[in-house]
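Since the structure comes first, as structure tokens, the remarks are kept for the end.
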Amino acid sequence: MLHVKLNGHKTPHIMSLSGLLPFLGRSLQRLELRLAQAAGFDSFYPALAVSGPQILPQSHHSNNEENSEPSFLDSIFWMAAPKKRRTIEVNRCRRRNPNKLIKVKHNIELCPECGNMKLKHTLCGFCFEKVRKETAMIRKQISIMEGGPLNAPAVESVVLYENENPSEADKDKRIIERNRKRPYWFNM
Amino acid sequence: MRLTLRALISHGRVARRIGLGPESRINILRNILTGLVRHERIETTRARADEVRFYAEKLIDYAKKGDTNEKSMKMADFWLTEKDLIPKLFKVLAVRFENQRDGCTRMARIPNRENLDRASMAVLEYKGNPFPPLFPMKRVSELNLLNQLLKAYREEKAQMNVKLHRF
């Protein structure tokens with residue numbers, strides 16, 4: 001009676017941990033068989049016994065087959081997958097709950113100087129931009145006066161605009177001259 | 001209160017992590033501080049400005065001790081990478097804040113950076129710098145409608161009081 005061995009597991013399957021241990025066990029058994037055959041020791045039953053039906057060594061393999069098939073198929077069922085379609089009601093609940101919506105800002109107010117909007121704890125962007133541009137022009141003038149890098153003088157500086165003369169307090173200071181009239185927001 | 005695992009949960013930890021590690025953090029803050037001493041007004045991210053503020057005020061405190069002080073000179077030498085700023089620190093900034101105990105720096109928040117990262121920015125300056133002021137002077141104008149109405153109300157009230165006192 002021929003026992004056809006089905007050895008169709010050429011498809012790659014994911015090695016889960018619980019599938020790995022029987023695999024290792026089976027590979028060790030196969031190694032043992034191969035070593036025994038190399039030594040000339042083919043069968044594992046007593047040498048003087050009559051060779052019985054061929055089922056004995058092959059039932060070994062058929063058991064392996066039956067064990068490996070369910071574990072291969074079972075390993076797919078152990079991955080997470082959604083059971084049911086999420087209804088549009090449930091989806092809406094998740095997408096529209098307050099922690100996913102953009103929060104309304106209540107800390108916006110008007111800048112009293114220019115009338116643009118600004119955040120309460122922040123400087124007005126427009127007014128700061130004016131100050132930044134003027135600071136940049138003053139710094140350009142400073143760099144021209146200093147000439148090169150790393151020439152910072154060890155004296156205070158004061159900025160004077162057109163038609164302005166240094167006062168008593170500005171005696172020892174370095175004077176930075178700007179060729180325009182004093183802006184109304186710079187009163188110092 | 002130590003209720004949980006020390007290493008994994010950071011409840012209540014106040015030290016900020018900047019850059020790649022503690023040494024990197026000190027190097028970054030040192031560069032920012034050098035820029036601040038040179039330019040007296042800089043714009044950086046909010047966290048960095050907040051961190052540098054402490055070091056900036058401490059540096060002024062050391063500079064007030066005078067440039068003959070060994071420790072002060074070592075501190076200035078370490079923290080200012082551009083060495084032409086050391087005389088500026090001792091002769092200009094320390095003198096400027098001679099009579100003040102603390103409050104040498106001013107930090108103000110500015111709108112987020114225009115880049116893709118929209119980082120929250122701040123401007124940090126030493127007080128008494130020659131540049132235009134960040135906060136505009138508050139001018140109370142008498143010509144507003146509200147002020148005119150209040151003025152008229154006060155005048156009427158004064159007149160009523162005078163009339164009452166007559167009788």
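State, as an integer percentage, the relative contact order of chain B based on alpha-carbon contacts under 8 Å between residues 6 or more apart.
Averaging sequence separation for qualifying contacts and normalising by length gives 22 percent for chain B.
Report, in listed order, any pair from B:88/B:127; A:130/B:58; A:105/A:133; A:130/A:181 with a Cα-Cα distance greater than 22 Å.
A:130/B:58; A:105/A:133
Fewest Cβ neighbours within 10 Å first, please rank B:79, A:78, A:185 accordingly.
A:78, A:185, B:79
Check cross-link reach from residue B:163 to the lysines: straight Cα distance under 25 Å, and skip same-chain residues fewer than eight apart.
Cα-Cα hits under 25 Å: B:151.
Tell me the volume per residue, in Å³, of the convex hull enclosing the alpha carbons of segment A:77-142.
212
Give me B:164, B:124 sorted ascending by neighbouring Cβ count inside 10 Å, so fewest comes first.
Final ranking by Cβ density, sparse to dense: B:164, B:124.
Can you list residues whose amide H is under 5 Å from residue A:159's amide H, if they're 5+ apart or on another chain and H is modeled 1.01 Å from N?
Sorted by chain and number, the residues that satisfy this are A:176.
Counting Lys and Arg as +1 and Asp and Glu as -1, each charge on the Cβ, what is the dipole of segment B:12-131 about the Cα centre in debye, to the nearest 20?
280
I'm checking a number: the convex hull volume of the Cα atoms of chain B, normalised per residue, in Å³. What is it?
286
May I ask which of A:100/A:120; A:120/A:171; A:103/B:138 have a Cα-Cα span longer than 30 Å here?
Beyond 30 Å between Cα atoms: A:120/A:171; A:103/B:138.
Check which residues have an amide H placed less than 5 Å from residue B:105's amide H, if you skip close sequence neighbours.
Distant-sequence amide H within range of residue B:105: B:127.
What is the fewest-to-most order of B:52, A:131, B:162 by other Cβ atoms lying within 10 Å of their Cβ?
Taking fewest neighbouring Cβ atoms as first place, the list is B:162, A:131, B:52.
Sorted from largest to smallest, which semi-axis lengths in Å does the alpha carbon gyration tensor of segment B:67-142 give for its equivalent ellipsoid, taking the root of 5 times each eigenvalue?
31, 21, 10
None of the figures in this text is laboratory data; all of them are computed from the coordinates on show. These figures come from a predicted structure and were not determined experimentally. Every residue, glycine among them, receives a Cβ derived from its backbone with ideal geometry; neighbour counts consider all protein chains shown.
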